[in-house]
Amino acid sequence: MTALPGAVPARADSAPVVGSGDISSPWTAPNGTAVRLLAGPRDGEIVTGGVQIRLGAGWKTYWRYPGDSGVPPHFDWSGSDNVARVDILWPAPVRFDDGGSFSIGYKKDVTLPFRVTPRDPGKPVDLRLTLDFAVCAKICQPATAEVALALPADGAPSTPPDLAAALSTVPQLAAFGNGGATALETADLGPAAGQPGQTIRVVARVANPDTADLFVEGPSEDWALPLPAREPGPDGQTVFLLPVDGVPKGADIAATRLRFTLVDGPRAVEVDALLSAR
């Protein structure tokens, strides 16, 4: 795939680049799709940073739940030193047409923030990441990038602009019924109107009812819930409807916590909760 505009070379030089106050690894490619690591400041005992994915013109990549088709990115940090765990934070995604089906992801360059818990908070962190992901234009193709970066024990001196911008779009954790211009009111499970099976009905308040979107995930990758349809609701509310489909055999959706991500322009909220019955 190295001859294609979306190609990612197998490995980048691991020496950090320091400039304009930032600490980052080199990009894995000078043109087209490329990946690098970016250091952020320390937050208590946590060291922050970001995985930056640069996309060629017209290319897209996928969110943690890719929708009808696509491949979610997988992060292998096993080659790192002084790392107990790495948690990825996900900026709000968009829905896009993937050629006959709809997927969820990013249509522009994206920075995926992360939070590193060191084994020894007083020592530097040596990050080594193998990232397996997919990029799409008219066709989709797999990509692999290997990047490395030494994070100082105190982190970067400040939050780089790209990381700050990405953090500002990470959905805020919320609960059903929280107030605000962007909020999830209820999510209930009941019979589908005039059809066999069940449907999930989610009521939301949004500032942009024509463009707001909702993504619903199960607790693991073997769940594949469909993307919902949107329709106007009473009192200025917006209703999202999705049939109960893509549930693993033997799973009880009524007893399973689901994750609801509501994206409303520059605002996004996330709720982790059980469905209520109707």
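Structural remarks
- Portion, in percent, of the accessible area of the range 43-153 that falls on carbon or sulfur, probe 1.4 Å: 52 percent
- Volume per residue that the Cα convex hull of the range 170-219 spans, once the total is divided by residue count, Å³: 116 Å³
- Among the GluC sites (Glu not before Pro) in the range 169-277, those located in a DSSP loop and surrounded by at most 16 other Cβ atoms within 10 Å of their own Cβ are GLU221.
- The range 163-278, accessible area per residue, ligands and nucleic acids excluded (1.4 Å, Å²): 50 Å²
- log10 of Debye I(q)/I(0), alpha-carbon scatterers only, for the range 122-260 at 0.10, 0.13, 0.15, 0.22 Å⁻¹: -0.56, -0.85, -1.00, -1.32
- Inter-label distance for ILE139 and ASP188, nm, one decimal - labels placed 7 Å from Cα along Cα-to-Cβ: 4.9 nm
- In this structure the range 32-129 gives 40 Å² per residue of accessible area when probed at 1.4 Å with all protein chains present.
- Highest mean first, the peptides 62-69, 120-127 sorted by other C-beta atoms within 10 Å per residue fall in the order 62-69, 120-127.
- Among 46-56, 153-163, sorting by the average number of other beta carbon atoms lying within 10 angstrom of each residue, highest first, gives 46-56, 153-163.
- Computed [θ] at 222 nm, helices only, for the chain once each DSSP H run of length n ≥ 4 contributes -39500 (n - 2.57): -1000 deg cm²/dmol
- A cut-off of 5 Å between modelled amide H atoms, ignoring neighbours fewer than 5 places along the same chain, links ILE200 with LEU242, VAL244.
- Phi-derived couplings, Karplus 6.51 cos²θ - 1.76 cosθ + 1.60 at θ = phi - 60°, listed residue by residue for the range 135-149: 10, 9, 10, 6, 10, 9, 8, x, 9, 9, 10, 10, 9, 9, 7 Hz, with x used for Gly and Pro.
- For the range 90-168, the pair-distance distribution built from all alpha carbon pairs, in bins 10 Å wide starting at 0, is 14, 36, 32, 14, 4, 0 percent.
- Within the accessible area of the range 199-278 (1.4 Å probe), percent carbon and sulfur: 50 percent
- Taking the empirical scaling 2.2 N^0.38 Å for compact globular proteins as reference, the chain has a Cα radius of gyration ratio of 1.07.
- Straight Cα distances below 20 angstrom link LYS107 to the lysines LYS60, LYS138, with same-chain residues fewer than 8 positions distant left out.
The values are calculated or read from the model by the stated rules, or taken from the named source; none is laboratory data. What you see is a predicted model, and the numbers here were worked out from it, not measured in a lab. FYI the Cβ positions are ideal-geometry reconstructions off the backbone, even for glycines, and counts take in every protein chain you see. All accessible areas refer to the heavy atoms of the entire protein, side chains included, with ligands and DNA or RNA removed. Shrake-Rupley method; radii C 1.70, N 1.55, O 1.52, S 1.80 Å.
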